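What follows is calculated from the coordinates using simple rules that are stated; it is not laboratory data. No experiment lies behind these values; they were computed from the predicted model shown. Glycine gets a Cβ as well: all are built from the backbone with ideal geometry, and neighbour counts include every protein chain shown.
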Amino acid sequence: MGVQKDRVKFNVGGRHFETTATTLAIAGRNSLFGAMFDENWDLDPTAAADEHFIDRNPDCFAVLLDLLRTGELYIPPNIPERLLHREALFYGLSDHLRAAKWGPFDGNTVRLSRSIPGRAPGDGTAIRAGPDGGCCVAHGSMVHVYDWAMEEHPPMNLDYQRVNDAVWADSNSIVLSACERLGRDDGGMGLFNASTGELKYKFHVTHDDQVKSFTGGALSLNSDYRLFGSCRGRSNEYGVGVWDQLSGKQVDFFYEPPGWSLGEADKLQWLHGANCLMVATLFPRKDNCYISLLDFRDKERMVWAWSDAGAPVGDERRVRDAIAMEECGSICVVNEYEDLGFMDLRRSGGAMRWRSRSPLMKGKMPDEPCYPKLALHQGQLFSSMNDTISVFCGPDWVLTSRLRNSYGGSICDFSIGGDRLFALHSEENVFDVWETRPPPIM
Amino acid sequence: MSSGQKKRNFQIEAFKHKVVVDPKYAEKTWKVLEHAIHEIYNHNASGLSFEELYRNAYNMVLHKYGEKLYSGLVSTMTFHLQTMSKSIEAAHGGSFLEELNSKWSDHNKALQMIRDILMYMDRTFIPSTRKTPVHELGLNLWRDNVVHSDKIQTRLLNTILELILRERTGEVINRGLMRNIIKMLMDLGASVYQEDFEKPFLDVSADFYRVESQEFIECSDCGDYLKKAERRLNEEIERVSHYLDVKSEAKITNVVEKEMIANHMLGLVHMENSGLVKMLLDDKFEDLGRMYNLFRRVPNGLSTIRDVMTSHIRDTGKQLVTDPEKSKNPVEFVECLLEKRDKYDKIISLAFGNDKTFQNALNSSFEYFINLNPRSPEYISLFVDDKLRKGLKGVKEEDIELILDKVMMLFRYLQEKDVFEKYYKQHLAKRLLSGKTVSDDAERSLIVKLKTECGYQFTSKLEGMFTDMKTSQDTMQGFYATYGAELANGPTLVVQVLTTGSWPTQSSVTCNLPSEMLALCEKFRSYYLGTHTGRRLSWQTNMGTADLRATFGNGQKYELNVSTYQMCVLMLFNGADSLSYREIEQATEIPSSDLKRCLQSLACVKGKNVLRKEPMSKDIVEDDGFSVNDKFTSKLRKVKIGTVVAQKESEPEKQETRQRVEEDRKPQIEAAIVRIMKSRRVLDHNNIIAEVTKQLQSRFLANPGEIKKRIESLIERDFLERDNADRRLYRYLA
């Protein structure tokens, strides 16, 4: 009797389905099924008299119904994934589908999910993971955007100027920074709609009440909707600008101190705990490397600074990327042989502690090397070198995994976000998606 | 199925084109949805097909008619909300809120259903165009068309405020309805709740409590007023929990606190016959607790209480320590202090939540008035003496600790700790030498406490006294173990060897001992010096006691407990029946003042007069003659004669002690000056005074005049010199 009452009949695109209200309840209130059987609508799901007709593809319905029944996703080969995504969107089951496809990110369990061929003519510049599993790829003057289902959205550009960096402001907006074009107000920085590719507004820089054109460099955001951008103006107006991300208004500017570099930074990183911004300018953009922490409440001085200017520098001591690790109170750097170095953030200008692996690597450099990049995700440190990404874990940063896809050549950039890792290869213009499988049922 | 054969992009494209061909498609679809929205608002949704509506809305978004769908939704919903608004306006009197509430719940239900139909738009079209989501849109439209409509906004506010006023005056109102209406304002956003309700509510409440507090204060005493204020405060907190936003609690309680407490604070504290002082006097813990809990909520509230309490304790304390009646009996004096301290301790723990700042205020007040009486150190030492002599008999160990702790507490308040030490040493010496101390444990326990309080130096001499007592015992055992056999028939000698310096110094001349004793003493001396080389023994005959067996003329035998001096005098009468004062003085060489006192206690005290004096009179003069009182009788076989009890010092003695203390301070001040100057090299006068005072304050409060004198003396002795250029500067001379 209880079983009978629970039963629900559907006719989907001509095919009959029977399921239970319990199974449908898994879909949640925020789905077609949740709304349909809400008491407001006075539709008795147990009214056995008639079945509920839905004018949709029955094959996809079967897959999604199974997803609700078992929590597992199985896509038969004859169903295109794109079609399944569209159907999931109709039923309001996109979140279920996503959760079934990949689980919480862990560098030691990720596997290559797919490789997406790019269409840009030149080398890649940057790849950035979005918060919802999508990503954007910058090549030359274009930025291509992909959603979580790897559907490509309209590309974006800033006056067709060369893009230097991109950052996801939220799940539906991307900020680009690009070179200025001499004599015009082109380039700079702009905020785009990620799904339509439309430019919403540009971020302006004002010096002495005059709007000036500039070249936008590295970008970073903080949780207070502040956007930070490295800016190179025409006449010594170098430094780091700060904008309100919601209004697009400039709110602050940190001018570059003499003998230092802020306006041409390779990397900006906001430190939540310390409430300051890490700015790193590295070889070969400049002859020397400069890493500093800025506190915008006190623009008289930099709170922490390190540079190799004046020190005898061999290639094995040249910093190629840097990342601040707040939990450890240190900055991790990497040289071109993928040796990691560490500096204590609590002592300004402190010594670098290198961890050398160079002898192993030196003989094996490829003809056209890509400089190593670093990323940090929930206590795991990632560094890319040639066509491989290494994963380091634990307080001593032990090498625990290597991610490698032999196709595509060296990795020029990679990014982690939305529980996925995206790696952009320089030669074949292809990027890989790495994700962790959902935990097994058994 | 067939999808495998088709190109997937192509499929979508083809579908799109087909729709564009039918130009009326969008209009038709919208009509269906618009009709459905009407039906939903008209409670007529049962005939609608959810699936069809959902699909229609989906198709409109899919085919790029999202904008049309969205603007259609806005205008249709606005239309219905305006109709609702009219019906709410038309409601009379009391039914106004009920109508508003019922329409609000209708709208909410409709909004949910509309959102269900438009779910796809809500999820895809709205985020990508940055429009307001359906649910929020529905709330905004309700706010603009209903709550903010001219004829509703003010009426709504006035109705709510009036209901709250009625509840404050004791009426019962429909709290459920209030909760729903206030919840509606909260749902519309924090700014609506604050602007349309909270701010005016707080203003009206402030007016209400301003008037009420004025009425209360005119007709109630302090305790009653506080009770009323507390009740009002609790009522407001309860109101918030029943139907207001939690965040309002701090704001409304602030209003009550300001109007009822902060504005009347001084009036309450100083209220005649019922204010704070009266409460303190009468130990009104409950009222005091209430005052504390209410006042702590307002700025400066606690400091107001604390200041009044402090000045009250200081005034009454000053009266107590300067009362000449109280000073007559040191033990009673200290007991009064302890009683006072207990009283306020209890108040602070029961009513003031053991507030640290109050404890500090209590301590500083005690420190202030205890030091007003320069004899406090002496009295406290006498109190201890009294307790350790007899007061602790039969008292449990924990209670002893308790009393000692209390004494320590008073001790901490003393500025002249060195004076206390001086007296304590004297009193302790007397206790130890006369064997009068009740409990060795208690004595030691107090020393340990003093040590933890003031450090090793403070108690090293006191501990030395204990060590001497112990060593002496061992020495005596050793002495009798060696000579026991040959001394068996003679008198017994008990010697306490006191280290010079550890004990209160008493320069005295050794008297002539009776020959029996003298021989024994010499024997001991040679024994002692034989075992300890390099030492010197001198006899303190003024401090000893002796037990004598005496047989009087009538054959009566008594055991007399006397001082060493008295023993010397009495022993003379073994060889003579009567002696003159001069003869006694000559034979014993006891200093005349001591001898007079000693003879007085032997001859002039009734019932203990073992000697007879010629002529009979109270005072001893040099011409007096003495003889054994043959008629002496006593009920007891053991007779104790003329014990010297530690008593409050007489005025000249006090002066003497004072002088000794001052003398002792000099080297300490000098040492402090030299220590400071050694490290600072150059320092001006005021800074030296400040630093010396600071260094010494754990022992006593150094007098600036005295410090100045010490500096002068050090300059004379070439430890320091004045700077040639600036006379206020001193230089250290290495």
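Some observations on this one:
- About the Cα centre, charge dipole magnitude for segment B:642-734 (Lys/Arg +1, Asp/Glu -1 at Cβ), debye: 380 debye
- Cα pair distances exceeding 26 angstrom across segment B:25-148, given as percent: 21 percent
- In segment A:246-313, Rg over Rh equals 1.00, where Rg is the alpha-carbon radius of gyration and Rh the Kirkwood radius from pairwise Cα distances.
- Rel. contact order, % - alpha carbon contacts under 8 angstrom, at least six apart, segment B:656-732: 35 percent
- q = 0.11 Å⁻¹: log10 I(q)/I(0) that the Debye formula gives for chain B, counting C-alpha atoms only: -1.21
- Across all directions, the shadow cast by the convex hull of segment B:303-378 built on its C-alpha atoms averages 4.7 square nanometres.
- Note on segment B:51-157: Lys pairs 8 or more places apart or on different chains, Cα atoms under 18 Å apart, count 5.
- Ordered by the number of other Cβ atoms lying within 10 Å of each residue's own Cβ, fewest first, B:Met465, A:Met36, B:Met616 fall into the sequence B:Met616, A:Met36, B:Met465.
- Inter-part distance, segment B:331-389 to segment A:181-232, computed on C-alpha centroids, equals 72 Å.
- The eigenvalues of the Cα gyration tensor, multiplied by 5 and square-rooted, give segment B:544-640 an equivalent ellipsoid with semi-axes of 20, 14, 13 Å from largest to smallest.
- For segment A:76-169, the Rg and Dmax computed from alpha carbons only, in angstrom: 15.3, 44
- The magnitude of the dipole of segment B:507-622, with charges of +1 and -1 set on the Cβ of Lys/Arg and Asp/Glu and taken from the Cα centre, is near 320 debye.
- With Cα atoms as the point set, the radius of gyration and Dmax of chain A evaluate to 25.2, 86 Å.
- Relative contact order of chain B, pairs being alpha-carbon contacts under 8 Å that are 6 or more residues apart, as %: 6 percent
- Span from the segment A:74-111 Cα centroid across to the segment B:140-164 one, whole angstrom: 48 Å
- With a cut-off of 14 Å between beta carbons, the residues surrounding A:Gly14 carry a summed charge of 0, where Lys and Arg count +1 and Asp and Glu -1.
- Computed log₁₀ I(q)/I(0) - Debye formula, equal Cα scatterers, no solvent, segment B:131-184, q 0.15, 0.25, 0.28 Å⁻¹: -0.54, -0.99, -1.08
- Folded to 0 to 90 degrees: helix B:515-531 orientation relative to chain B principal axis, Cα: 50 degrees
- Other residues lying with their Cβ under 9 Å from the Cβ of A:Val205 contribute a combined charge of 0, Lys and Arg counting +1, Asp and Glu -1.
- With Cα atoms, 0 to 90° folded angle of helix A:58-70 axis to chain A main axis: 80 degrees
- Sorted ascending by nearby beta carbons within 10 Å, beginning with the fewest, B:Cys598, B:Cys511 become B:Cys511, B:Cys598.
- Average beta carbon contacts from partner chains per residue of B:39-50, 10 Å cutoff: 2
- Of the residues B:His63, B:His35, B:His43, the one with the fewest other Cβ atoms within 10 Å heads the list, and the complete ranking is B:His43, B:His35, B:His63.
- Taking the charge dipole of segment A:1-160 about its Cα centre, with +1 at Lys and Arg Cβ atoms and -1 at Asp and Glu Cβ atoms, the residue from A:Val12, A:Gly107, A:Thr22 reaching farthest to the positive side is A:Gly107.
- Listed by chain and number, the lysines placed with their C-alpha closer than 18 angstrom to that of B:Lys557 are B:Lys608, B:Lys631, B:Lys635, B:Lys638, B:Lys640; residues fewer than eight positions away on the same chain are left out.
- With respect to chain B, whose longest principal axis is taken over its alpha-carbon atoms, helix B:356-370 is tilted by about 30°.
- Across peptide A:53-60, the average count of Cβ atoms from other chains found within 10 Å of a residue's Cβ is 3.
- The value of relative contact order for segment B:604-721, using C-alpha pairs under 8 Å at least six residues apart, is 17 percent.
- Summed over all non-identical Cα pairs, the Kirkwood treatment of the protein assembly as shown gives a radius of 41.6 Å.
- Qualifying GluC sites (Glu not before Pro) in segment B:131-239, where qualification requires a DSSP coil assignment and no more than 11 other C-beta atoms within 10 Å, comprise B:Glu171.
- The spacing between segment B:81-104 and segment A:329-355, judged by their C-alpha centroids, is 69 Å.
- With q set to 0.19 Å⁻¹, the log10 of I(q)/I(0) for segment B:656-732, from the Debye formula over equal scatterers at the Cα positions, is -0.74.
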